[in-house]
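First comes the structure, then the notes that go with it.
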Amino acid sequence: MIIVDALQNIAPNALQLGRDYASWAWLQRGAQTNSNAPPASTSLRDNLLGRVALVFGSIPVWDEAAQGLPAWVRYTSRGHNDAQRIARWQLDHYQRLADDNQQIRLVLSRQDLDEVLATWQAKDDIGGRLQGIVPLLQGAAPVSEPKQIEEWLEYGLRIVAPAWGSNRYVTGAGDDGDLTLLGYELLEALESFHILLDIARMPGRAAATAIERYEGAIIASHTSPRRNYDHPHCLSDALIRQLCQRDGVMGIMLYNRYLRRDWHPSDPKRRVTLSHWVDTVDYVCQLVGNAAHVGLGSDIDGGYAYSSLPAEIDTSCDLWLLRGALGERGFSDDEAAAILGGNMLRKLRESLANG
């Protein structure tokens with residue numbers, strides 16, 4: 001059994017915080033000089049020990065006018081050219097990681113995916129395992145026009161979330177935000193190149209429209225049911241059902257605010273446990289009638305304070321504990337394998353070209 005994590009922030013943390021993904025998380029913490037920065041919680045070695053065989057590597061761009069920017073964010077965008085430059089740096093960073101580390105492989109085709117997965121067949125040879133990284137653009141602001149998607153595909157992009165805040169493709173926020181005319185064209189362009197569509201962070205109406213119109217593979221990389229947290233970044237029951245009817249998969253975050261409705265940032269770390277994550281997974285399974293449409297999108301290194309992660313989680317090495325937590329709740333081995341990896345793999349494989 002392996003884990004597929006549908007969101008880790010490897011490149012943005014290198015850009016904004018100078019993090020070294022090749023170094024153990026605890027060593028990164030020791031080297032940290034910015035007191036405002038959250039502690040490092042992931043690394044190549046931590047992921048390999050936690051059997052995280054594949055991650056979707058995020059590529060976000062912060063707009064300098066956005067409200068609530070974290071104090072540790074150093075690079076923001078003032079316009080399209082800035083957004084494009086920041087996104088390209090992060091995409092190039094993933095390529096450099098693969099070039100410099102023999103255990104990292106960018107997954108750009110089914111052949112790449114199969115080669116990564118094959119290294120996890122041996123039980124004991126951790127030194128021979130590969131970790132795959134699939135670049136995921138969070139917000140299409142860096143894409144100047146829909147037809148430019150072909151150029152980004154050549155750069156290595158394989159997953160696109162159209163919205164990470166309002167842009168030329170998605171307007172408004174909350175449940176009323178919708179696709180613009182360019183947004184409809186963007187969906188057509190993404191579909192023509194078999195890009196995996198990520199509806200995470202899309203406003204409710206835009207997400208519903210995208211699910212209805214898009215004929216390719218769809219996921220919601222990192223989110224939670226609205227039942228846990230009444231926020232536009234969480235999915236309503238109706239949207240979850242619609243996503244699952246299209247055979248989509250939603251990744252459940254490990255952020256405490258999205259796991260326990262009455263959680264407060266001042267609460268002790270022990271107040272939220274992996275049992276709350278399993279509660280959320282079980283809720284989705286009960287809502288749609290099976291375990292085929294839920295996965296992990298931890299966002300474990302998404303800038304949260306250490307106390308904002310469940311009690312058992314220190315680094316991404318601990319993601320392996322999710323297997324036992326699912327088993328204790330009565331999920332079968334096959335169901336746990338689907339939730340922790342198989343479901344996201346199914347959607348990724350659908351979207352990737354053969355070579």
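Just a few scattered comments:
- Out of S316, S307, S298, sole residue that is open to solvent by 30 Å² or more (accessible area, probe 1.4 Å), closer than 28 Å to N34 by Cβ, touching a Ser or Thr at 6+ places or on another chain (Cβ under 9 Å) and not β-branched (V, I, T): S307
- Condition met for A140 (surrounded by 13 or more Cβ atoms within 10 Å (Cβ to Cβ), part of a loop (DSSP other than H, G, I, E, B), of a type in the set (G, A, S) and modelled with pLDDT of 90 or more): yes
- Screening R105 with (1) within 20 Å of the chain's Cα centre (by Cα); (2) in contact (Cβ under 8 Å) with a residue 60 or more places away in the chain; (3) under 23 Å from R349 (Cβ atoms) gives one miss only, at (2).
- Pairs with Cβ under 9 Å, 6+ apart, first in the range 69-93 and under 18 Å from I149 (Cα atoms) and open to solvent by 80 Å² or more (accessible area, probe 1.4 Å), second in a loop (DSSP other than H, G, I, E, B) and of a type outside the set (G, A, S): R85/P142; W89/Y75
- Filtering the range 261-297 to residues that are assigned to a loop (DSSP other than H, G, I, E, B) and either hydrophobic (A, V, I, L, M, F, W, C) or touching a Gly at 6+ places or on another chain (Cβ under 8 Å) (or both) leaves W263, V272, A291, A292, H293, G297.
- Taken together, the criteria place R257 among residues that are in a helix (DSSP H, G or I) and under 30 Å from A210 (Cα atoms).
- Selection within the range 319-355 - among the polar types (S, T, N, Q), at pLDDT 95 or above and open to solvent by 30 Å² or more (accessible area, probe 1.4 Å): S332
- So Q148, is it within 20 Å of S351 (Cα to Cα) and open to solvent by 10 Å² or more (accessible area, probe 1.4 Å): yes
- Counting the residues of the range 153-173 that are touching a strand residue (DSSP E or B) at 6+ places or on another chain (Cβ under 7 Å) and either in contact (Cβ under 8 Å) with a residue 40 or more places away in the chain or open to solvent by 20 Å² or more (accessible area, probe 1.4 Å) (or both) gives 11.
- Residue check, V134 over 22 Å from G302 (Cα atoms), open to solvent by less than 30 Å² (accessible area, probe 1.4 Å) and either modelled with pLDDT of 95 or more or over 18 Å from the mean Cα position of the chain (by Cα) (or both): no
- Condition met for A207 (in contact (Cβ under 8 Å) with a residue 60 or more places away in the chain, within 23 Å of Q8 (Cα to Cα) and of a type in the set (G, A, S)): no
- Residue in the range 45-57 that is loosely packed, with under 14 Cβ neighbours inside 10 Å and either within 22 Å of D314 (Cβ to Cβ) or touching a Lys or Arg at 6+ places or on another chain (Cβ under 6 Å) (or both) present: no
This table checks each residue for (1) within 16 Å of T280 (Cα to Cα); (2) of a type outside the set (A, V, I, L, M, F, W, C); (3) outside any helix (DSSP H, G or I); (4) free of Cβ contacts under 8 Å to residues at least 12 places away in the same chain.
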site: A189; (1), (2), (3), (4): no, no, no, no
site: L197; (1), (2), (3), (4): no, no, yes, no
site: R201; (1), (2), (3), (4): no, yes, yes, no
site: E215; (1), (2), (3), (4): no, yes, yes, no
site: P232; (1), (2), (3), (4): no, yes, yes, no
site: I240; (1), (2), (3), (4): yes, no, no, no
site: L243; (1), (2), (3), (4): no, no, no, no
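- Some residue of the range 298-306 being of a type in the set (A, V, I, L, M), assigned to a loop (DSSP other than H, G, I, E, B), farther than 17 Å from M253 by Cα and at pLDDT below 95: no
- Selection status of A40, part of a loop (DSSP other than H, G, I, E, B), surrounded by 17 or more Cβ atoms within 10 Å (Cβ to Cβ) and out of contact with any Asp or Glu (no Cβ under 6 Å at 6 or more places or on another chain): yes
- Residue match in the range 281-289 (condition: more than 24 Å from F331 (Cβ to Cβ) and touching a helix residue (DSSP H, G or I) at 6+ places or on another chain (Cβ under 8 Å)): no
- Scanning the range 20-37 for residues being surrounded by fewer than 24 Cβ atoms within 10 Å (Cβ to Cβ), out of contact with any Lys or Arg (no Cβ under 9 Å at 6 or more places or on another chain) and within 20 Å of Q102 (Cβ to Cβ) gives a total of 2.
The values are calculated or read from the model by the stated rules, or taken from the named source; none is laboratory data. The structure displayed is predicted, hence computed values, not measured ones. Cβ sites come from the backbone with ideal geometry, for glycine too, and all protein chains shown count toward neighbours. The accessibility values were calculated without ligands, DNA or RNA, using every heavy atom of the protein model including side chains. Shrake-Rupley method; radii C 1.70, N 1.55, O 1.52, S 1.80 Å.
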